[in-house]
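Could you have a look at this structure, given as structure tokens, before my questions?
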Amino acid sequence: MIDAIKLRILQRDSIIQDVSTASLPKLFRGLPVIEDKPCPDGCKKCAEVCPTNAIKTEPLSIDLGLCLFCPLCEEVCPEKIIHYTNDFNLAVDKREKLIITKETKTISPEKASEKIRKYFGRSLKLRQISAGGCNGCELELNALSNVNFDMGRFGIEFVASPRHADGIVITGPLTKNMANATQICYDAVPNPKIIILFGACAISGGIFKNSEETERKFLEQNKIDLYIPGCPPHPLTFINGLLDWLDKK
Amino acid sequence: MNSLKVQNGEVFNHNEIEFLNADKFHASVLNGLSNGYRMIGLFPVDKKNPNKIVSILSDSASSSLYIIGYENKGDKLEFESFANQFPQTNYFECELAENYGYKPLYHPWLRPVRKQNIILGSQPYKFFKLDGDEVHEVAVGPIHAGVIEPGHFRFQCHGELVYHLEINLGYQHRGIESLMLNANPNQRIILSESIAGDTVIGHTSTHCNAFESLTETQINLRAQVIRSIAEELERIAMHLTGLGGIANDIGFALPASAYGRLRTLVINSLASLCGSRFGRGLFVYGGVRFDFNDENIKQIKSNLEIVKKDIEAINDFLFSSTGALIRFENTGVVSKDFAGKIGLVGTAAKACGIELDSRINFPYGAYRYFPVSPITLSTGDVFARARLRALEIDESLRFIFEQLENIPSGITTEKVGELRINSGVISIVEGWRGEIIHSAFTDEEGKIIQYKIKDPSFNNWYGLSLALRNTAISDFPLCNKSFDLSYAGHDL
Ligand code: SF4
Ligand code: SF4
């Protein structure tokens, strides 16, 4: 017993008290900003080097649904026009909002409907489905339950059975081999239910978007409630996105 | 044995491989296996031409790799199986059968590897079924209780006891090996980072070593040291995750959360070096993208000081608890003899007393100059697999502290040339789970014609199946966590 108490004291208080003001290392690659400067004539270096074709030029834009935050574009830009900040607030409720232009200063989700906030505002139980990613996203989703992030204190938790869940969180590009199981799992969640896409793979296929082994029909057929970009997204991106969406901040 | 002998990371001209006929191939491979070598690969040199395959055997005692070629001259793709005599080749043969339509003659039991319906034509795979009174079957997955990757587990039980477990995987299959062939260099590195997101450093390091060999690039010692520090940080972080998971699976909340807290410090150390908690973005061909400076060295040192101090108390607490030891000891046992026969690698093998660590047996990068000590245990149970990881953390900490005191000066990236033509390379790295192998081959224009990946999980899933025999089904989660295998790395 005494050892247990000693160990508990050793732990100290490692929880992140305020998730909205936490700060990340300056090298962390979060929201990119595009400076309002002209690109050199005909320069397409960033678009050419991007591994997922997330960049369009004239005018310059970055699609965070495809972006892997790899910093190649920032690295090659001769004018330092693209710069990744450590702002982790990246969650949005509409796919278009993930397109970053030089006008974009911050991005955030619109508040969920009153009905959703009434149903899920105080308790939101989620079933996670891994569908062909690399397990990086799963590691960050698991981190949400550790002593640092402790997402449970906001009433948001992962549950084992889809029947106990209010929605699903999908990671991975949705492989052919997982298409059926994903549908069965979603059907087992009672209404009303939400769908959250976590990570570049789920949102766009990410680095696997040209794979012949994926089957993304499910995503086209259903309404997506939240998009959490990143490869993998940081746990703080997920918590803050949900708290903004549920208007709990 | 008719073979081409190479070393880890040594580039060779694949025209030098002699492609034998069926009899000679069979005799050569059998000869190697009888010498105690391990099969580490069985695949065509050119993904588009299944007629010419190579079998790669490894001899860890002499750090040598032997490539034995086979040309299939008949109109049917077939070869004689080695699996009856050497069960370690079983899964490699199943994979070759599934990917290229080969028929391994006299193979004892062909099972699907990633594509559930292929081997048996269009028939769904039929699981082995136990018959008898009060025998029952339990099916779990692909979706499991936690936030965890998908896989299907089929248990044949009598009462509590598991008699047989089959594990069917492939749900994470996204075709990485095929994507590699058409990817540009930037995409290839990111694909490597995404083979197994818990082994970003391990796989990317294996990949970069392979491509640096194929382009004959020597990388600076400073970059090599940074890479191996990152590799050890990944090892510590994932061992902490695993130990936390094991404690959690026996309902022991305090050590579970204590390990979790330390892991955060370690992955944040990686983030202070390269911005990503998993080391994404760190590797480039020719070296590393980010360098050490006074600030991040100080940060990493102070984080690891805390880990070093606190982990001792946590380990003592977990491994001296009778309640924990009762669950760990003699659970999910694999004997050394058995582990050798089925070809286990990594922590699962070391826990049975097999000395096999690529950093030592097939040294690469900085480990050639700054070796690590071998660690093995002998009981092959959950206890050994857990304890071994605790011991490896200590050794990794020692390695990192030593390197941080004395980082060689130099540039962090070298210029990389063109890929050599008609060449091949076998690159091996000891990821935190064990032996990672990437083999790459180019054609006469220097285009990649084969990229084969072997995650340690490919060898070890079978070990988990067998460890479950005669074990209570309620111990499955604990056994599973003690092996801690990758679905993504297996499924590719
Ligand atoms: S950081 Fe994103 S947008 Fe830029 S090159 Fe990488 S993937 Fe493309
Ligand atoms: S988004 Fe990135 S981290 Fe997440 S599953 Fe895909 S490759 Fe892995």
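Only the coordinates and a few stated rules stand behind these numbers; no lab work does. Note that the structure is predicted; figures quoted are calculated from it, not measured. Don't worry about glycine lacking a Cβ; one is built from the backbone with ideal geometry, like all the others, and counts go over all protein chains shown.
Based only on Cα atoms, what mean projected area does the convex hull of the stretch B:176-491 have, in nm²? Before the final figure, lay out the partial values.
On the way: hull surface 60.8 nm².
Averaged projected hull area, Cα only: 15.2 nm².
While we're on this one: Quickly work out the residue B:21-to-residue B:368 label distance, labels modelled 7 Å from Cα along the C-beta direction, and quote it in nm with one decimal.
So the label points at residue B:368 and residue B:21 sit 4.1 nm apart.
Report the Stokes-Einstein translational diffusion coefficient (µm² s⁻¹, integer) for chain A, Rh taken as the Kirkwood radius over Cα pairs, at 25 °C with viscosity 0.890 mPa s.
Estimated diffusion coefficient is 128 µm²/s.
Rounded to the nearest 20 debye, what is the charge dipole size of chain B about its Cα centre when +1 sits on each Lys and Arg Cβ and -1 on each Asp and Glu Cβ? It would help to have the intermediate numbers written out before the result.
Details: 47 positive and 57 negative charges, 86 e Å.
My answer is approximately 420 debye.
To continue, here is another question. Which percentage, to the nearest 5, of the DSSP beta bridges contained in the stretch A:61-190 is antiparallel?
20 percent
Next question. Neighbour counts of other C-beta atoms within 10 Å: give me A:67, A:46 arranged from fewest to most.
A:46, A:67
Ranking B:461, B:432 by Cβ neighbours within 10 Å, fewest first, what do you get?
Fewest to most other Cβ atoms nearby, the residues stand as B:461, B:432.
Then there is this: Expressed in nm to one decimal, what extension gain is obtained for the pair residue B:422 and residue B:405 from 0.36 nm per residue of sequence separation less their Cα-Cα distance?
Difference between extended and current length: 1.9 nm.
Is there a quick way to get the dipole size of the stretch B:260-376? I mean about its Cα centre, with the Cβ of Lys and Arg at +1 and of Asp and Glu at -1; what is the value in debye to the nearest 20?
The calculation lands at about 280 debye.
For the protein assembly as shown, what does -39500 (n - 2.57) per DSSP helix run (n ≥ 4), summed and divided by total residues, give at 222 nm, in deg cm²/dmol to the nearest 500?
Numbers: 25 runs with 273 residues, N = 741.
When only DSSP H runs of four or more count, the value is -11000 deg cm²/dmol.
Next up: Which percent, to the nearest 5, of DSSP beta bridges fully inside chain A are antiparallel?
Counting only bridges with both partners in chain A, antiparallel ones make up about 40 percent.
Let's test the formula: R0 of 41 Å, r as the Cβ-Cβ distance of residue A:210 and residue B:297. What FRET efficiency results, to the nearest 0.05?
Given R0 = 41 Å and the Cβ-Cβ separation, E is 0.55.
Tell me the Kirkwood radius of the stretch A:105-249: reciprocal of the mean inverse pair distance over distinct alpha-carbon atoms, in Å.
Working: mean 1/r = 0.0654 Å⁻¹.
This gives a value of 15.3 Å.
For a paramagnetic label modelled at 7 Å from the Cα of residue A:101 toward its Cβ, which residues of the stretch A:46-75 fall within the zone defined by backbone nitrogen distances under 15 Å?
Residues passing the 15 Å test: A:56-64.
Give me the distance between the Cα centres of the stretch A:165-182 and the stretch B:2-24, rounded to whole Å.
When both Cα centres are located, 43 Å separates them.
With a ≥ b ≥ c the root eigenvalues of the C-alpha gyration tensor of the protein assembly as shown, is it rounded (a/c under 1.5), prolate (a/b larger than b/c) or oblate? List each step's numbers first, then the result.
Details: a/c = 1.35, a/b = 1.18, b/c = 1.14.
Judged from the Cα gyration tensor, the protein assembly as shown comes out rounded (a/c under 1.5).
Relative contact order for the stretch B:176-491: what is it in percent, counting Cα pairs under 8 Å that are at least 6 residues apart?
Numbers: 562 pairs, mean separation 81.2, N = 316.
Answer for the stretch B:176-491 is 26 percent.
Would you mind getting me the FRET efficiency between residue B:445 and residue A:44? Use the beta-carbon distance for r and R0 = 25 Å, nearest 0.05.
0.40
Now for a separate question. Name the shape class, rounded, prolate or oblate, that the alpha-carbon gyration tensor gives for the stretch B:27-132, where a ≥ b ≥ c are the square roots of its eigenvalues, rounded holds for a/c under 1.5, and otherwise prolate holds if a/b is larger than b/c and oblate otherwise.
oblate
Determine the shape class of the stretch A:114-161: with a ≥ b ≥ c the square roots of the Cα gyration tensor eigenvalues, call it rounded for a/c under 1.5, and otherwise prolate if a/b is greater than b/c, oblate otherwise.
oblate
What are the GluC sites (Glu not before Pro) within the stretch A:16-77 that DSSP puts in a loop, where the Cβ has at most 14 other Cβ atoms within 10 Å?
Working: sites: A:35, A:48, A:74, A:75; in loops: A:35.
Answer in residue order: A:35.
Rounded to the nearest 5, what % of DSSP beta bridges with both residues in the protein assembly as shown are antiparallel?
Given both bridge residues lie in the protein assembly as shown, the antiparallel proportion sits at roughly 75 percent.
Between residue B:216 and residue B:46, what FRET efficiency follows from the Cβ-Cβ distance if R0 is 25 Å, with the result rounded to 0.05?
After rounding, the FRET efficiency stands at 0.70.
Among residues other than residue A:101 whose Cβ falls under 13 Å from its Cβ, what is the net charge (Lys/Arg +1, Asp/Glu -1)?
-2
Apply the membrane-span-like helix rule to chain B: whole DSSP H runs, Cα extent along the own long axis of at least 30 Å, mean Kyte-Doolittle hydropathy at least -1.0. List the helices found.
Values: long enough: B:221-249 (41 Å, 0.21); B:253-274 (32 Å, 0.84); B:294-319 (37 Å, -0.37); B:382-405 (35 Å, 0.10).
Both cut-offs are met by B:221-249, B:253-274, B:294-319, B:382-405.
Once the dipole of the stretch B:176-491 is set up with Lys and Arg at +1 and Asp and Glu at -1 on Cβ about the Cα centre, which of B:375, B:313, B:186 lies farthest towards its positive end?
Positive-most Cα among the choices belongs to B:313.
Among B:364, B:37, B:163, which comes first, second and so on when ranked by fewest other beta-carbon atoms within 10 Å?
Ordered by Cβ neighbours within 10 Å, fewest first: B:163, B:364, B:37.
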